[in-house]
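This report concerns only the one structure given below.
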Amino acid sequence: MTSISEHEILGAVAKAREIAAGLLVTEFHEKCRELDTLLSKILILIGKIKSKYSIKEIDAGFSINKLIEKGSIKEYVLELDPKCFISLKKVFKLYSLGELSGLEFFDRVRAAIRLSLNIKERDLYQMFVFLSLLLYLKANILRPSSRLVLERTTLPRKIPATVILTTVRGKYLSIFYEALRPVRGGGIPRYRPDIMIYNGLIPEVLYSEGRVYPSPDYIIEVESGSKWFEKENARVWGKISNLELIKSYIEVFKPLKLVLISRVEVPSYIREDLIKYGITLIDGVYYNFCILGEELMRIFDQI
């Protein structure tokens, strides 16, 4: 087997950074600008949440934590940390061995950056919605006491609540943030609600055969893409359109209410279709957490 020196790998990484720098000011300039706007709103929300609930730390996982630390999507991308760009590790080695042409290397680097930006948009916007909900809820945190973890390691079949709150009406509210992570030995669940909410003190739920028990009272789904309603969502058992996936959550999880948050405005025919299924739509939110929080409270104010 041909060995690769550290110097050769570093040369490939330097070349990748050069490619990335060019792409970030050309092809991905607009996406970076939008993500920086979103990131700035999240930083504001983190400060407000820490103050409101006396939380010392919000841990969103290595990749998002790194992005928050950098404060800029461009700085994050240019570092090309292999822990954040797993898809590039093999590419660096192949390029160092001379098994990739310059054009192939460029295309692989561009694809990795595009994928990372899309994933970060999804993850950040989901976090934006969750933090906006926490900010506007009239409640206090029962648990956790000081460290809010948004990245979880799911135990087989058991899923712990992300946060449990007590409302001003003296009731409990249990929230599960993207609870259905891959379960050991079970692959990626086909149905993964972004946020599940329970009326009551529910410290954990059980996951079995694609469902959670008990069924959530509310599900909040988050769509950040500009044309999400025209696209498909890949799952273990094949592709399904985003719209059909969202509709199927009603049948699978049987929530009292399903709320869909869309960063962009959706066409009227999509809105009418969602209403037929009893789905509450909040669209055209973009990066305004004040508007989002007020809209969410119109739905959850009676909790």
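Structure notes:
- Of all residues in the range 194-209 being acidic (D, E) and in a loop (DSSP other than H, G, I, E, B), the one that is nearest to E178 (Cα to Cα): D194
- Boolean, E27 is part of a loop (DSSP other than H, G, I, E, B) and either at pLDDT 95 or above or of a type in the set (A, V, I, L, M) (or both): yes
- Residue that is surrounded by 20 or more Cβ atoms within 10 Å (Cβ to Cβ), part of a loop (DSSP other than H, G, I, E, B) and under 21 Å from the mean Cα position of the chain (by Cα), where the choices are V212, V285, V264, V259: V285
- Against the numbered list (1) touching a strand residue (DSSP E or B) at 6+ places or on another chain (Cβ under 6 Å); (2) modelled with pLDDT of 90 or more, K158 comes up short only at (2).
- No other residue among L94, L38, L100 is surrounded by 13 or more Cβ atoms within 10 Å (Cβ to Cβ), in contact with a Leu (Cβ under 6 Å, 6 or more places away or on another chain) and either of a type outside the set (A, V, I, L, M, F, W, C) or at pLDDT 95 or above (or both) apart from L38.
- Selection status of V212, closer than 21 Å to E121 by Cβ and not small (G, A, S): no
- Elements of the type helices (runs of 4 or more DSSP H) sitting completely within the range 68-153 and holding at least 1 residues that are assigned by TED's automatic domain parsing to the domain that holds I49 and acidic (D, E): these cover 73-79, 102-136.
- Any hit, the range 66-89, residues being under 16 Å from the mean Cα position of the chain (by Cα), surrounded by 13 or more Cβ atoms within 10 Å (Cβ to Cβ) and closer than 18 Å to L135 by Cβ: yes
The values are calculated or read from the model by the stated rules, or taken from the named source; none is laboratory data. Here the structure is a predicted model, which means the values were calculated and not measured. Don't worry about glycine lacking a Cβ; one is built from the backbone with ideal geometry, like all the others, and counts go over all protein chains shown.
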